[in-house]
Each structure stands twice: as structure tokens, then as C-alpha cells.
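The values are calculated or read from the model by the stated rules, or taken from the named source; none is laboratory data. Since this is a predicted model, take the numbers as computed values, not measurements. For neighbour counting, all protein chains shown are included, and Cβ atoms are generated from backbone atoms with ideal geometry for every residue, glycine included. When the accessible area is computed, the model is the full protein with side chains, heavy atoms only, and any ligands, DNA or RNA have been set aside. Shrake-Rupley method; radii C 1.70, N 1.55, O 1.52, S 1.80 Å.
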Amino acid sequence: MGLFLSSAAMTASNGNSGLPMILGESYENLGDSVTYSLATSSGSFSMPVNGRIQYNGNMIGVPCIVSAKFSLRRDEGVLLGAALYKNALQIAETIILDPIAPTILNYPITMEKDDYIELWGNVLYGESLILVQCQLSVFSFSLI
């Protein structure tokens, strides 16, 4: 018996000036507004579509830990929301509203072959939102 570790991280960076984003009240995939690069990948993960980390392994019910982080600028009064999505379905427990630096840390999920995760966001109030950097990462561990 051994321990199998795998991970992936993707990052979107827009320099110091950032990228203006227009988000509405409905959640939108941030991958539609920014271009990610796969910063690291090992084992069974890939980024087949911009903004999506996909599990490509053959193991069933793989336990994973997912983290997401933003760096942004916004006008006073702008209310931002963010959530993780798995296979295009919102994970309600990951919704965060209006933190200074929105972060979803160490959220446990299980993944099957071809499952994927994405980071989505919305703006409930206000208009001026500048995304400077965004990162989504996943770490899996299994006994084999």
C-alpha cells in the first residue's frame, strides 16, 4: 500500500494594472473574462479548457482539497461574491460575500474521472471591479 499525491494550480495574472471586469448579479465563470495558465500540474490533473482544472485519473471517489484566491481592486460599495463550481454546478458551501481578499481555502470534494472545478463570481452592487490576480488549485491524495 502506498500514498498517491497529485496536484494542479492555475493562475491568471493581469500585471499591476489589473483587468476591468463586468460581472452581473448572476454568477459567471471567471474563465470567460481572464486567461489562466496552468502554473503547476502533476499526476492526474489538466486544464483542457481555460479556467477549468479536470481530473483525468482512473481512481473512483478521489478525495481532494480545493483552494481559490483573488487579488482585486474595487470602488467602495462594490459587493463581490465568489463560489467554486464542480461540473458546472455551484458548491453552495463555498459561497463567500465581500471579503477584502476573497479566499476559499481547503474545501474538501471528491472527484471522479473527467470531473472538473471552476471559479465563478458575481457583483451584487456597484460596477468598478479590477481583477489583478486569481488562482485556483487542487490537491488530491489516495492510498494505492
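Structure notes:
- Residues located in the stretch 104-115, provided they are within 19 Å of Gln133 (Cα to Cα) and open to solvent by less than 50 Å² (accessible area, probe 1.4 Å): Ile104
- The single condition from (1) at pLDDT 90 or above; (2) part of a strand (DSSP E or B) that Arg73 fails is (1).
- Beta carbons closer than 8 Å, at least 6 apart along the sequence or on distinct chains, pair a first residue in the stretch 29-57 that is among the charged types (D, E, K, R) with a second that is at pLDDT below 85 for Arg52/Gly31.
- Residue that is nearest to Met21 (Cα to Cα), among those in the stretch 63-91 that are surrounded by fewer than 17 Cβ atoms within 10 Å (Cβ to Cβ) and over 15 Å from the mean Cα position of the chain (by Cα): Arg73
- Where Tyr55 falls short, out of the listed (1) out of contact with any Leu (no Cβ under 7 Å at 6 or more places or on another chain); (2) modelled with pLDDT of 85 or more; (3) of a type in the set (Ser, Thr, Tyr); (4) open to solvent by 30 Å² or more (accessible area, probe 1.4 Å): (4)
- Of all residues in the stretch 63-80, none that is under 14 Å from Ile117 (Cα atoms) has its Cβ atom under 7 Å from the Cβ atom of a residue that is charged (D, E, K, R) and open to solvent by 50 Å² or more (accessible area, probe 1.4 Å), 6 or more apart or on another chain.
- For the stretch 85-144, the set of residues classified as at pLDDT below 80, outside any strand (DSSP E or B) and not small (Gly, Ala, Ser) consists of Asp98, Pro99, Ile100, Pro102, Glu127, Ile144, listed by residue number.
- Matching residues in the stretch 13-49 - criterion: being surrounded by fewer than 18 Cβ atoms within 10 Å (Cβ to Cβ), under 13 Å from Tyr116 (Cα atoms) and either in contact with a helix residue (DSSP H, G or I) (Cβ under 9 Å, 6 or more places away or on another chain) or of a type in the set (A, V, I, L, M, F, W, C) (or both): Val49
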